[in-house]
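For reference, the structure discussed in these notes is given below.
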Amino acid sequence: MSILLLLFAPGIFAIYWLIRLQLCLSRVRYLVDTYGMDRKKLRKLKCKEIKALRESIDRLRHSNDAFALEALVRPYRA
């Protein structure tokens, strides 16, 4: 049983990291397509920072605060 675990562990670990990578790339793609942000500027951010940026954008959209939303998005625009 432990031999099977040793054989499958790297594959499971690789699948986990591929899923995390795809989620992060999906968030970046959403921000680029929706708000016209620059990929090079977003590349400097970590995945957690991109997640926090998207959550704060969603919060501002739901509260209809256009000026704060524009101030938040402006540094990342192309």
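Reported count of residues in the range 69-78, each being without any contact (Cβ under 8 Å) to a residue 40 or more places away in the chain and surrounded by 13 or more Cβ atoms within 10 Å (Cβ to Cβ), is 3. Remark: pairs (first residue in the range 41-64, within 16 Å of C24 (Cα to Cα); second residue in a helix (DSSP H, G or I) and open to solvent by 90 Å² or more (accessible area, probe 1.4 Å); Cβ separation under 8 Å; 6+ apart in sequence or on different chains) = C47/R20; C47/L23.
Residues in the range 40-54 that are closer than 19 Å to R77 by Cβ, out of contact with any helix residue (DSSP H, G or I) (no Cβ under 6 Å at 6 or more places or on another chain) and in a helix (DSSP H, G or I): K40, R43, E49, A52, L53. Considering the conditions (1) in contact with a helix residue (DSSP H, G or I) (Cβ under 9 Å, 6 or more places away or on another chain); (2) open to solvent by less than 50 Å² (accessible area, probe 1.4 Å); (3) assigned to a helix (DSSP H, G or I), A9 is excluded by exactly one of them, (1).
Restricting attention to the range 34-57 and to residues that are within 8 Å of the chain's Cα centre (by Cα) and under 16 Å from L69 (Cα atoms), the residue that is surrounded by the most Cβ atoms within 10 Å (Cβ to Cβ) turns out to be I50.
The values are calculated or read from the model by the stated rules, or taken from the named source; none is laboratory data. Predicted, not measured: the structure shown is a model, and the values here were computed from it. Counting neighbours? That spans all protein chains shown, and the Cβs are built from the backbone with ideal geometry, glycine included. Accessible surface areas use protein heavy atoms only, side chains included; no ligands, DNA or RNA. Shrake-Rupley method; radii C 1.70, N 1.55, O 1.52, S 1.80 Å.
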